[in-house]
Each structure stands twice: as structure tokens, then as C-alpha cells.
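Enquirer: Okay, handing you the structure first.
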Amino acid sequence: MLEKGMKAPEFVLNDQNGNEVRLADYLGRKVVLYFYPKDNTPGCTRQACAFAQSYDGFREKNVAVIGVSKDSTASHVKFAQKYDLPFTLLSDPDLQAIQAYGVWQEKKLYGKVSMGVVRTTFIIDENGMIEKVMPKVKPDTNAAEILAYLNGGEA
């Protein structure tokens, strides 16, 4: 797992509109990079909507919000339109960033073990370094915790 103070792994992924996005595109501003399991599932929808509701707070601080899952760009388009999501969603079907950030892990659900994305958020500073790692975040409070941290509080 990546830790505070490490260089954030570079990636090149397509956003919901099919545009190539690189982490390097965001040098000079903070990035909230959050990994989530799947579009249109209850927890992921609540998390995305919480980021959307808090988006003005991130924009005022010039902080980019980027969600990443292995869903297709077509799935991301529908998800973003359905919930009016104002931030970038990246498609990572080959698990390029998901594995580089160490969030592809063993999960247990109802006694069944499988591999999947563990909901994790990274705050990346203006120089591309990991400022904070938030593993196994709660969908409903993740956005508010990050804003509190960015405002000088603890997350």
C-alpha cells in the first residue's frame, strides 16, 4: 500500500468523455483521487453524490476530484449524467491505476472471498506526492472528512 510522502504513481486513463487524463495534468494543484468498486451500486452512488454535494468546497480550494473504477467509459457517462456528477470519472478496466495504488485486494462478502477494489481515497499534493491515504473509507462521510482535513482539521 502506498503511504504518505511517496510519489503518487503516474497513470493515463480515459475519462467519462473518452479523453485521456494523466495525473501529471494536475501538477500545481491538489487532487482527491478516490477509488470505488462499481458505478450505480448503493455505497458508490452515495459516495459520488456526497462528493457532488461538496464539490463547490473543493472547487473553491482549487482541488480536483477524480473518481476511479474499472467500469467502462460508457458506464461512467450514464452514472455521471444520472446523478449530475460535476467531477472526472476515470475508467480503469485493465486495473492500471487500481493496482499501482494497491487498492485491488481480497474482499470477503457473505463468506465468499474475491478480488476487488477496496474503497480508498488519496490526497495528492501540488507536486504529485501522496499527502494522505484514507483506506476503507465510508461512502457517506468521505467527502466531508476530506474537506475538513483541507480546512485544517483532521480526517
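The values are calculated or read from the model by the stated rules, or taken from the named source; none is laboratory data. All values reported here derive from a predicted model rather than from experimental measurement. Note that we place each Cβ from the backbone using ideal geometry, even for glycine, and neighbour counts take in every protein chain shown. Side chains included, ligands, DNA and RNA excluded: accessible areas come from the protein's heavy atoms. Shrake-Rupley method; radii C 1.70, N 1.55, O 1.52, S 1.80 Å.
Enquirer: What is the residue count in the range 105-128 for residues that are part of a strand (DSSP E or B) and exposed (fewer than 13 other Cβ atoms within 10 Å of the Cβ)?
Expert: 7
Enquirer: Between residues in the range 100-119 that are more than 24 Å from E3 (Cα to Cα) and residues that are in a strand (DSSP E or B) and of a type outside the set (S, T, Y), which pairs lie under 7 Å by C-beta distance while being six or more apart or on different chains?
Expert: Close Cβ pairs (under 7 Å, with a partner that is in a strand (DSSP E or B) and of a type outside the set (S, T, Y)) amount to V113/E106; S114/K107.
Enquirer: Going by the conditions given, is M1 touching a Gly at 6+ places or on another chain (Cβ under 6 Å), open to solvent by 50 Å² or more (accessible area, probe 1.4 Å), touching a residue at least 60 places away in the same chain (Cβ under 8 Å) and not aromatic (F, W, Y)?
Expert: Against the criterion (touching a Gly at 6+ places or on another chain (Cβ under 6 Å), open to solvent by 50 Å² or more (accessible area, probe 1.4 Å), touching a residue at least 60 places away in the same chain (Cβ under 8 Å) and not aromatic (F, W, Y)), M1 qualifies.
Enquirer: While we're on this one: Can you say whether P139 is in contact (Cβ under 8 Å) with a residue 12 or more places away in the chain, part of a loop (DSSP other than H, G, I, E, B) and surrounded by fewer than 16 Cβ atoms within 10 Å (Cβ to Cβ), as far as the supplied structure shows?
Expert: In short, no.
Enquirer: If D84 satisfies all but one of (1) under 13 Å from the mean Cα position of the chain (by Cα); (2) of a type in the set (D, E, K, R); (3) at positive phi, what's the number of the condition it fails?
Expert: It is condition (1) that D84 fails.
Enquirer: (1) more than 20 Å from N17 (Cα to Cα); (2) out of contact with any Lys or Arg (no Cβ under 9 Å at 6 or more places or on another chain); (3) modelled with pLDDT of 95 or more; (4) small (G, A, S): which one isn't true of A148, the others all being true?
Expert: Only one criterion in (1) more than 20 Å from N17 (Cα to Cα); (2) out of contact with any Lys or Arg (no Cβ under 9 Å at 6 or more places or on another chain); (3) modelled with pLDDT of 95 or more; (4) small (G, A, S) is unmet by A148, namely (3).
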